[in-house]
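Worksheet: one structure, shown below.
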Amino acid sequence: DKHGPFLPIGVLAVSCSLGCLLRGTAVTIEGLYLGALFLGVGVNLWTVVLAHLVNSFDRSIRSEVLSGFAVQMTCLQLLGKGLFPPFDWTLRKLLNSLGKGSRTLPRYRLHMGLCTFFC
């Protein structure tokens, strides 16, 4: 098409980021629904990236490129899952020192707000 792959990838990445931000700052149930709507649109980001990779590379090296992408995504997911417990522990300690440790809402808001930067 005349716009190329970067417009849909950009729109989906912004939608994912906006959904995380809206969910992290929502004060009403409608705000949570709106954030979920944007996250639902942004969840197709990896499908669009995979479609772009399939169309961009020759058939002879396509399987290597897709395998490399899958390995990269798996490593990033494992890194994120491995870093979550120490990050959550640090956040709990920080919120306890600020006197907000018994409530989970500030911690949830910080988690969802930081999700914005990773989309």
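The values are calculated or read from the model by the stated rules, or taken from the named source; none is laboratory data. Bear in mind that the values here come from a model prediction, so they are computed numbers and not experimental data. Positions of Cβ are generated from backbone atoms using ideal geometry, with glycine treated the same way; all protein chains shown enter the neighbour counts. Protein only, heavy atoms only, side chains kept; ligands, DNA and RNA dropped before computing areas. Shrake-Rupley method; radii C 1.70, N 1.55, O 1.52, S 1.80 Å.
Panel note: the C-alpha atoms of region 44-92, placed on their principal axes, show extents of 49, 20, 9 Å (largest first).
Of all stretches in the chain that contain no trypsin sites (Lys or Arg not before Pro) in a DSSP loop with at most 11 other Cβ atoms within 10 Å, the longest one is 3-58.
The three principal axes of the Cα atoms in the chain give end-to-end lengths of 58, 32, 15 Å, sorted in falling order.
Under DSSP H, which helices of the chain have Cα atoms covering 15 Å or more of the helix axis and a Kyte-Doolittle average no less than 0.5? Kindly include the intermediate steps, with their values, before the conclusion.
Numbers: long enough: 6-25 (28 Å, 1.59); 29-42 (20 Å, 1.58); 45-56 (16 Å, 1.39); 62-97 (51 Å, 0.28); 105-118 (20 Å, 0.37).
Within the chain the helices that satisfy the rule are 6-25, 29-42, 45-56.
Counting only helical runs of four or more DSSP H residues, what would the 222 nm mean residue ellipticity of the chain come to if each run contributes -39,500 (n - 2.57) and the total is spread over all its residues? Working shown, then result.
Details: 5 runs with 96 residues, N = 119.
Helix-only estimate at 222 nm: -27500 deg cm²/dmol.
Relative contact order of the chain, taken over Cα pairs closer than 8 Å and 6 or more residues apart, is 36 percent. In the context of the full set of protein chains, residues of the chain present 70 Å² of accessible surface per residue (probe radius 1.4 Å, heavy atoms only).
Specify which residue in the list Ala13, Ala51, His111 is farthest towards the positive end of the charge dipole of the chain, using unit charges on the beta carbon of Lys, Arg (+1) and Asp, Glu (-1), about the Cα centre. Projecting each Cα onto the dipole axis, the largest value belongs to His111.
Taking the Cα centre of the chain as origin and assigning +1 to Lys and Arg Cβ atoms and -1 to Asp and Glu Cβ atoms, the resulting dipole is close to 520 debye.
Of the residues Leu12, Leu79, Leu66, the one that moves most in a GNM of the chain with alpha-carbon contacts below 10 Å is Leu79.
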